[in-house]
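The values are calculated or read from the model by the stated rules, or taken from the named source; none is laboratory data. Small disclaimer: the values here were computed from a predicted structure and weren't measured. Glycine also receives a Cβ, built like all others from the backbone with ideal geometry; neighbour counts cover every protein chain displayed.
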Amino acid sequence: MNIPGIRLLALCFVLAVPAVVGKAQGAEVKSIAILVPEQATDFGWNQQGVDSAKAAATQTGVAVTVAQGLGYGDVRPTLRELAEDGVGLMIAHASGYNTAAPEIAEELKVPVAIVDRPDSLKPGLVADYTLSGHEGAYLAGRMAAKVSRTGTVGIVVSGEPPSWNAQSSGFAQGVRAEKPGMKIVYAVIGPAAYSDAAGGQRVTASVIAAGADVIFGQGNGSSFGMLQAVETTKAVDGGKVLFIDVIGDKTPVDKGFLLTSVLWDLTPVYAAMIEDLRGGSFGTKHYKIQLADDSLRLLRTKNVPEDVWASVMKIRDDVIAGRIKVDATFDAAAVRALMSDTGGAVPR
């Protein structure tokens, strides 16, 4: 298969045999595809999605095709060609694809999985996996408040999709639970600035200048700019600024400024989708990542003191046991109000 302008990695791709038979009664799934907007080298959203799709394919015994670097524009031609080539499930791993993918699913009757549209479920055809890392972000907030010297922490986001909003709210709840009077500075790079590394660096530097010595960054490619700002900008007290990442592990490119990351493992989610297709329940349920099975967890680095790590792990146990309740707030306006309640600002 040759799709101009994108790089496709095909693993044992099956072209001759249709991959889905009898969707409503259960399907024979032989191959899947995952579509991502950026290259799968960001140690984050794109890479974690691709790596998890490969792992889920191995686990469930199907072939996988990876379409990466597609950008955030119209992916209908790619979706259509993958569907026509016999893929049994297309995972549209970007919120910008959540309109095109259901359209192609309807047109060609090939199941798709999308994000940020939990209201769009359609049995046998469309599933949504708007995942929330809010409980992991809560733990990161508790940790940030424990290690902050200036009494101010920052949240920098590359947009305000539901997944980012839920984590921002969880982080704020964690900070507030640890130190109620701590200031949170909340900044948005742009409406969909996921790959804007320059913007990430500029906005993060401004948040540091506002007093933050710990930055919680959510950004895909823009997170590299956030990390660069942390590496090159001193806190207002002249000390080191620490960075909290999301979804992936940037340890291989870290220069000593990474505090932790709210890690996501999407393998169980994608594997469940494949099994749901086979069992006839695809498109009838929502999927989640959670602390209890480590599909959601914190990364431990050398910047986390032993006593802080031990304390946060005890808090984790309390969250899992239900002794601590962490709310997931998906609405951007509500998240901004929460930041205001904690004494923060929303620079633009």
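Quick notes on this structure:
- Options V175, V147; residue that is surrounded by fewer than 24 Cβ atoms within 10 Å (Cβ to Cβ), of a type in the set (A, V, I, L, M) and at pLDDT 95 or above: V147
- The set of residues in the range 115-171 being under 18 Å from D318 (Cα atoms) and of a type outside the set (A, V, I, L, M) consists of G133, H134, E135, G136, Y138, G141, R142, K146, G170, F171.
- Flag for S132 being of a type in the set (S, T, N, Q), within 29 Å of G217 (Cα to Cα) and in contact (Cβ under 8 Å) with a residue 60 or more places away in the chain: yes
- Selection count where residues are more than 23 Å from the chain's Cα centre (by Cα) and either in contact (Cβ under 8 Å) with a residue 60 or more places away in the chain or not assigned by TED's automatic domain parsing to the domain that holds A272 (or both), scope the range 61-81: 3
- Considering residues of the range 25-43 that are closer than 20 Å to S95 by Cβ and aliphatic (A, V, I, L, M) only, the residue surrounded by the fewest Cβ atoms within 10 Å (Cβ to Cβ): A40
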